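Following: one structure in structure tokens, then a few remarks.
Please treat every number below as a calculation from the coordinates, not as lab data. In this text the structure is predicted, and so the values were computed from the model without any measurement. Glycine also receives a Cβ, built like all others from the backbone with ideal geometry; neighbour counts cover every protein chain displayed.
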Amino acid sequence: MKLFYARGACSLASHIALIEGGLDHTLVNVDLRAKRTEDGEDFSAINPKGYVPALEIEPGVVLTENIAVLLYIGEKDGALLPAAGNNRWRVVEALAFISTELHKSFKPFFRADASEEERDHARALLARRFGQIADQLGDREVLVDQMLSVADCYLFVMLLWAQRKELELPPTLASYYERLKARPAFAQALAEEQLG
Ligand SMILES: N[C@@H](CCC(=O)N[C@@H](CS)C(=O)NCC(=O)O)C(=O)O
């Protein structure tokens with residue numbers, strides 16, 4: 001499998017999941033501004049939507065969208081997605097929440113033309129959403145039941161961004177982030193993307 005990624009972007013969640021799940025993969029860095037891969041290919045021809053993650057699952061077959069890519073990896077490795085039962089749907093639910101309520105809310109922090117008012121609004125919204133996911137986590141080690149899942153990989157990236165943007169996090173999420181960061185697969189992905 002080939003993961004098209006950008007350093008520190010949401011594709012880091014899939015990068016972590018590929019390592020954590022022990023799946024063979026190669027990484028291809030994408031310059032998101034130029035829409036060029038590190039080997040000089042036109043990224044728009046690979047993913048016409050122009051964004052990462054994009055995962056080549058078979059020669060010429062490219063899967064996009066964080067939720068789909070993460071579910072594919074979870075299904076493939078069998079370790080990061082419950083095979084059946086309510087917890088499988090809890091993982092899907094968590095992925096949807098992270099994608100639509102957390103990930104999207106970061107937009108004003110990445111848009112150079114966003115106003116301070118938009119950023120303040122995003123700060124307040126994210127504080128509420130992080131509070132809700134902290135309540136869901138409670139005093140457990142992972143988001144769903146007792147099993148590390150692709151949802152933890154995705155939430156980890158949101159927490160990395162939160163730290164970089166100096167957003168205040170509930171203490172349970174801050175310690176959850178530190179715990180995940182210490183896992184070998186997470187540390188390896190961070191090192192491979194040269195993220196300190
Ligand atoms: N709907 C997409 C959004 C992915 C996305 O926002 N990717 C960002 C990086 S975190 C990106 O590549 N942005 C560059 C661009 O949109 O041109 C998904 O959920 O996978």
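At what distance in nm do the modelled label points of Ala174 and Asp39 sit from each other, each positioned 7 Å from its Cα along Cα→Cβ?
Between Ala174 and Asp39, the label points sit 4.4 nm apart.
With +1 on each Lys and Arg Cβ and -1 on each Asp and Glu Cβ, and nothing else charged, work out how big the dipole of segment 123-196 is about its Cα centre, in Debye to the nearest 20. If you can, show how the numbers build up before the last one.
Values: 9 positive and 10 negative charges, 47 e Å.
In total the dipole reaches around 220 debye.
For segment 41-168, with the dipole built from +1 on Lys and Arg beta-carbon atoms and -1 on Asp and Glu ones, taken about the Cα centre, which of Asn47, Leu81, Val91 lies farthest toward the positive end?
About the Cα centre, the residue reaching furthest to the positive side is Val91.
What is the chain by shape, rounded, prolate or oblate, if you read a ≥ b ≥ c off the alpha carbon gyration tensor as root eigenvalues and call it rounded for a/c under 1.5, prolate for a/b larger than b/c, and oblate otherwise? Working shown, then result.
Values: a/c = 1.69, a/b = 1.13, b/c = 1.50.
It comes out oblate by the Cα gyration axes.
What lysines sit close enough to Lys49 to cross-link, taking a C-alpha to C-alpha distance under 18 Å and skipping anything fewer than 8 places away on the same chain?
Correct list for Lys49: Lys2, Lys35, Lys104, Lys107.
Take peptides 119-132, 146-159 and line them up by average Cβ neighbours within 10 Å, highest first, as a rough protection proxy. Walk me through the intermediate numbers first.
Working: 119-132: 15.4, 146-159: 24.0.
Ranked by mean Cβ neighbours within 10 Å, highest first: 146-159, 119-132.
How about Lys181: which lysines have a C-alpha closer than 20 Å to its C-alpha, ignoring those fewer than 8 places off in the same chain?
Cross-link targets: Lys165.
Using the crude model of +1 on Lys and Arg Cβ and -1 on Asp and Glu Cβ, and no other charge, please compute the dipole size for segment 78-160 relative to its Cα centre, in debye to 20.
Values: 10 positive and 12 negative charges, 37 e Å.
That gives a dipole near 180 debye.
Would you mind working out the magnitude of the charge dipole of the chain relative to its Cα centre, with +1 at each Lys and Arg C-beta and -1 at each Asp and Glu C-beta, to the nearest 20 Debye?
Values: 22 positive and 29 negative charges, 57 e Å.
Result for the chain is approximately 280 debye, rounded to the nearest 20.
Using amide H atoms built in the peptide plane, which far-off residues or other-chain residues are under 5 Å from Arg36 H to H?
Asp31, Phe43
I need two numbers for segment 12-74: Rg to one decimal and Dmax as a whole number, Cα atoms only, in Å.
My reading of the Cα-based Rg and Dmax gives 11.5, 31 Å.
Determine the relative contact order of segment 82-196: mean sequence separation of Cα pairs under 8 Å and six or more apart, normalised by residue count, in whole percent. Working shown, then result.
On the way: 72 pairs, mean separation 30.5, N = 115.
Once divided by the residue count of segment 82-196, the mean separation gives 26 percent.
Among 103-113, 172-182, how do they line up by average Cβ neighbours within 10 Å per residue, starting with the highest?
Values: 103-113: 13.3, 172-182: 15.5.
Taking the mean over residues of other Cβ atoms within 10 Å, the ranking is 172-182, 103-113.
Just report the Cα centroid separation between segment 141-196 and segment 1-67, whole Å.
Using only Cα atoms to place each centre, the spacing works out to 20 Å.
For the chain, what does the helix formula give at 222 nm: sum of -39500 (n - 2.57) over DSSP H segments with n ≥ 4, over the residue count, nearest 500 deg cm²/dmol? Let's see the in-between values first.
Details: 9 runs with 98 residues, N = 196.
Helices in the chain give a 222 nm mean residue ellipticity of -15000 deg cm²/dmol.
With the crude spin-label approximation of a point 7 Å out along Cα→Cβ, what separation in nm comes out for Asp31 versus Arg164?
1.9
Take every Cα pair under 8 Å in the chain that's 6+ residues apart, average their separations, divide by the length, and report that relative contact order as a whole percent.
It comes to 24 percent, rounded to a whole number.
What are the semi-axes of the equivalent ellipsoid of segment 28-142, taken as the square roots of 5 times the eigenvalues of the Cα gyration tensor, listed largest first and rounded to whole Å?
Square roots of five times the eigenvalues give 28, 25, 9 Å.
Report the one residue of Ala124, His103, Ile67 whose Cα lies farthest in the direction of the positive end of the charge dipole of segment 1-153 (charges on C-beta: Lys and Arg +1, Asp and Glu -1; origin at the Cα centre).
The listed residue farthest towards the positive side: Ala124.
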